[in-house]
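Read through the structure below, which is laid out as structure tokens, and then see the notes.
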Amino acid sequence: MLRKYSYLPIVLMFSIYVVLGSIGGCSNNGGGEPTPTPTPSPPPVSDVLGAVFIDMGDEPVSCDDPIWDVAEEISVTTTTVDAGMLYGDGQLNMSGTLGGTNDFNSGNPANLKLTALYTLGSGEIFIKASWDDGIFNLDRRRALYNGPADPDKMDDPEGWTSQLNDDKIGLAFEIDPGTSSEFGTFDDVGCAAVCHNVGGEGLDMRPETGKADIWHWKTSRSEPVAYVNDQFADPVGGRQTDAGVSIESRNRAGGSNRGGPMLIWDGTEQIISFGPRIGEMLDPAFILLDGHLLDVEAEGRDADIGEVIYQASCAACHGVDGEGGIGPALDTIKYGRTSDAELDALIAAGTHPGAGAYDALGDEDKADLRLRIDGFWGVPGYYLKMPSGSAADVTTISALNYSEDGINSLTPITVAQAPDFNEYLNRYKFQQSGHCVVMIRDLETGFDDDTQFDTSQTYPFGVALMDNDGKNHIGKTKLTLEFLLP
């Protein structure tokens, strides 16, 4: 079932919380000493998530919907699940949870909380997850030209590289009874039953027997269109997207993490035409949407040629790295929101001192130069699509706002907050208090790549949290979902 939800930017929600807290935190009591508001008791630590029955029509429409109060929220104790794994060549500054709990949320507790509801008439389950994470990461594999080095890797950052990562939560349920790996069965060890040790080099999500259902929520590649990346893992293909059309596709030329972007924004308004966020607009500086793209790989554009032209004709005014000087900086979000046609017009404008040199170039050289300029701010590493089939099973609710106004309302992180004090990457990261997302799915989908929920049964599951990472994560490998009788 698809719904459209209203939203508020994270910072605005936090501000409202602070203001209301200040108003309600004490009372005058006729001039006496202020009376502090009692601190609510924390939710119980538990490994059992009880889904509470609600009537049709009472389904939650936000993380703050009062209907959640009918269910018991549980605290989940998280520990390091995977750590120490780096990405392959050309993928830099992507391992924000490399040290597990020592790195996640800058070493502060995750404070993961879960709540669940279900209906019988419409046959849906609603799982709410909230956790603390002070930095909002909404990028993954952004194509940057001459981007920053990675302090954890020796990779050469010259030319195109794929940089940055997003925040994620993953839930894993057993599909086939007896799903297992060398670590045990799903009943015994939870989602560890899906992991296989690959030659001592790390874990591959590939069980030895059986199959698991994976709900993979991501800040840059699923929530902008309000879907979970619905996946499954089996012994043959490992972790893969469910049957149908996936919500995301990799944006890279030549299939290489050093190939640069295959597609760039075409300048048309990215208004979502499907799903729960229908009618909302996406900021092209961070998100690309199918149907609003220009294929620069098909045109044969070459940023390396553009770099030679840039250094010879543009760097004296705009800086060797686009940092600005006599002319404006080119490495700002403004140029992430400038289409190829608009950039062409800006460079060719009579008011631009370099217009003559630009006009003297051939059309191919002009296009190569523009692609090189795109590499200063960078190009999103994925583009989003309308999902279909089993891949479109799980929808979401959150307060995240991916429009240009929503992004503009966020506060960039400080230098002190930045991992390794990497000021270059600060522009892509924002302050927040944490995440909250509601995941919604039919109890029974009829697809063999999904867990089919019978409300008379219990289900072991695992949960993973990732902070600017996708390999290393913290979490809880074994929890139990049970449906409480009406």
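Between segment 441-470 and segment 140-155, what is the separation of their alpha carbon centroids in Å?
34 Å
If one takes the longest principal axis of the Cα atoms in the chain, at what angle in degrees, from 0 to 90 and to the nearest 10, does the Cα axis of helix 303-313 lie?
That helix lies at roughly 50 degrees to the long axis.
Test of understanding: ordering Cys195, Cys63, Cys317 by Cβ neighbours within 10 Å, fewest first, what list do you get?
Fewest-to-most Cβ neighbours within 10 Å comes out as Cys317, Cys63, Cys195.
Can you tell me how much longer the chain between Ala243 and Asp47 gets when fully stretched, taken as 0.36 nm per residue apart minus their C-alpha distance, in nm with one decimal?
Gain on extension, Ala243 to Asp47, equals 67.4 nm.
Give the Rg/Rh ratio for the chain, taking Rg as the radius of gyration of the Cα atoms and Rh as the Kirkwood radius, to two decimals.
Rounded to two decimals, Rg over Rh is 1.00.
Give me the number: length gained by fully extending Ala341 to Asp365, i.e. 0.36 nm times residue separation minus the C-alpha to C-alpha distance, one decimal in nm.
7.2 nm
Give, as a single signed number, the net charge of other residues whose beta carbon lies under 10 Å from the beta carbon of Arg258, with Lys and Arg counted +1 and Asp and Glu -1.
-3
Apply the Karplus parameterisation 6.51 cos²θ - 1.76 cosθ + 1.60, with θ equal to phi minus 60°, to every residue of segment 179-193 and state each ³J(HN,Hα) to the nearest whole Hz, in sequence, with x for glycine and proline.
Once rounded to whole Hz, the list reads 3, 8, 9, 5, 8, x, 8, 4, 4, 8, 10, x, 5, 4, 5.
Cut-off under 18 Å on the C-alpha distance; same-chain residues fewer than 8 positions from Lys128 excluded. Which lysines are left, in chain and number order?
Cα-Cα hits under 18 Å: Lys4, Lys113, Lys168, Lys218, Lys476, Lys478.
In whole Hz, what ³J(HN,Hα) sequence does segment 260-265 give by Karplus (6.51, -1.76, 1.60; θ = phi - 60°), x for Gly and Pro?
Result, ordered by residue: x, x, 7, 10, 10, 5 Hz.
Give the peptides 459-469, 320-330, 435-445 in descending order of average Cβ contacts within 10 Å, highest first.
Packing order, densest peptide first, comes out as 459-469, 435-445, 320-330.
With each run of n ≥ 4 DSSP H residues scored as -39500 (n - 2.57), what mean residue ellipticity at 222 nm is computed for the chain after dividing by its residue count and rounding to the nearest 500 deg cm²/dmol?
That comes out to -4000 deg cm²/dmol.
Could you work out how far apart the two model spin labels at Ile305 and Glu444 are, taking each label as a point 7 Å from the Cα in the direction of the beta carbon, and quote it in nm?
6.0 nm
Would you mind counting up the charge near Ala243? Only other residues with Cβ under 9 Å from its Cβ, with Lys and Arg at +1 and Asp and Glu at -1.
Charge balance in the 9 Å sphere: -3.
Label Ser75 and Ser122 with points 7 Å out from Cα along Cα→Cβ: what is the distance between them in nm?
3.2 nm
State, to one decimal in nm, how far the label point of Thr455 lies from the label point of Ser388, with both points 7 Å from Cα in the Cβ direction.
3.3 nm
Would you mind working out the magnitude of the charge dipole of the chain relative to its Cα centre, with +1 at each Lys and Arg C-beta and -1 at each Asp and Glu C-beta, to the nearest 20 Debye?
700 debye
Taking θ = phi - 60°, what integer Hz values does the Karplus form 6.51 cos²θ - 1.76 cosθ + 1.60 yield along segment 283-292, in sequence order, with x for Gly and Pro?
6, x, 5, 10, 10, 10, 10, 3, x, 10
With contacts defined as alpha carbon pairs under 8 Å and 6 or more residues apart, what's the relative contact order of the chain in percent?
Computed over the chain, the figure is 25 percent.
Using only Cα atoms, tell me the angle between helix 363-377 and the longest principal axis of the chain; keep it within 0 to 90° and round to the nearest 10.
That helix lies at roughly 40 degrees to the long axis.
Compute the acute angle (0 to 90°) between the alpha-carbon long axis of helix 10-24 and the principal axis of greatest extent of the alpha-carbon atoms of the chain; round to the nearest 10°.
It is inclined by approximately 50 degrees.
Return a whole-number percent for the relative contact order of segment 294-377, with Cα pairs under 8 Å and 6 or more residues apart as the contact set.
So the answer I get is 42 percent.
Work out how much length Asp187 to Arg427 would gain on full extension: take 0.36 nm times their residue separation and subtract the Cα-Cα distance, in nm to one decimal.
So the chain would gain 82.0 nm between Asp187 and Arg427.
Taking R0 as 30 Å, what's the FRET efficiency between Met85 and Thr209 from their Cβ-Cβ distance, rounded to 0.05?
Calculated transfer efficiency: 0.75.
Would segment 294-377 count as rounded, prolate or oblate if I go by the C-alpha gyration tensor, calling it rounded below 1.5 in a/c and otherwise prolate when a/b exceeds b/c, oblate otherwise?
Here segment 294-377 falls in the rounded category.
The numbers here are math on the coordinates, done by the rules we state, and not lab data. No experiment lies behind these values; they were computed from the predicted model shown. Here Cβ is always computed from backbone atoms with ideal geometry, including for glycine, and neighbour counts include all displayed protein chains.
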